[in-house]
């Protein structure tokens, strides 16, 4: 599964066992990304603390949108799928999210959200090419200097967290791929996800494909 040897859940002890239990949470499986941190379990705890501090500076919806934009720009299928699943149901329908990913003019986003997503993509793609005008656009949408820093830090953070699992071969969990084909096409922007066994075993229960 990964390019490095990892510790299986049934062999985990001490800090690794605690790490696995925390990252599994209420799910009935251990996320694939958790395994790549098994050699530095205390580092993951520190990373989680930083993430919570960053997430606390903006609304859950904007946090997820900024991270989705940065993940896609970083070619992270794993993080793109994860944040798409977070946004669906809580903030958007699948069809609404598809409009967002298409950059459709009918996408249900505020001007601030659109600008923040565009800027997050720039941070993840090549931050050295960002200019004063890019930041001025965010200010024109009403973001303060502190809020612009928050968007920048969130996008940069996502680049780090997206690239560690990607570089070590962790694939997005199969459960994240139970989406319409049109959405998956726009979310699988890098490494392939685990095979969607649910779709293969239950073809009659697949969700209807969205138009386009």
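Only the coordinates and a few stated rules stand behind these numbers; no lab work does. Computed from a prediction, not measured in an experiment: that's the story for all the values here. For neighbour counting, all protein chains shown are included, and Cβ atoms are generated from backbone atoms with ideal geometry for every residue, glycine included.
In what sequence do 104, 126 fall when counting other Cβ within 10 Å, fewest first? Don't skip to the answer; put the middle values down first.
Numbers: 104 13, 126 9.
So the ranking, lowest neighbour count to highest, is 126, 104.
So for the chain, averaging the separation of alpha carbon pairs under 8 Å that are six or more residues apart and normalising by length, what relative contact order in percent results?
Across the chain, relative contact order equals 27 percent.
For 132, 40, 158, 35, which order do you get if you count the other beta carbons within 10 Å of each Cβ and list the fewest first?
Arranged by neighbour count, lowest to highest, 132, 40, 158, 35 become 132, 40, 35, 158.
As a footprinting exposure proxy, order 58, 51 by other Cβ within 10 Å, with the fewest listed first.
51, 58
Using a Förster distance of 45 Å, how high is the FRET efficiency between residue 102 and residue 14, based on the Cβ-Cβ distance and rounded to 0.05?
0.45
Quick check: the distance between the Cα centres of the range 87-139 and the range 1-48, to the nearest angstrom?
32 Å
Take the eigenvalues of the Cα gyration tensor for the range 10-55, scale each by 5, and report the square roots as semi-axes in whole Å, largest first.
Working through the eigenvalues yields semi-axes of 18, 13, 9 Å.
Return the distance in nm (one decimal) between the two label points of a simple spin-label model at residue 48 and residue 118, each offset 7 Å from Cα along Cα→Cβ.
About 3.8 nm, to one decimal.
Roughly speaking, what % of Cα-Cα pairs in the range 99-192 are separated by over 24 Å, rounded to a whole number?
Details: 1461 of 4371 pairs.
Taking all Cα-Cα pairs of the range 99-192, the fraction more than 24 Å apart is 33 percent.
Could you point to the label whose value was computed as log10 I(q)/I(0) by the Debye sum over Cα atoms at q = 0.12, 0.17 Å⁻¹ for the structure here, given (i) -0.67, -1.25; (ii) -0.67, -1.04; (iii) -0.74, -1.17?
Entry (i).
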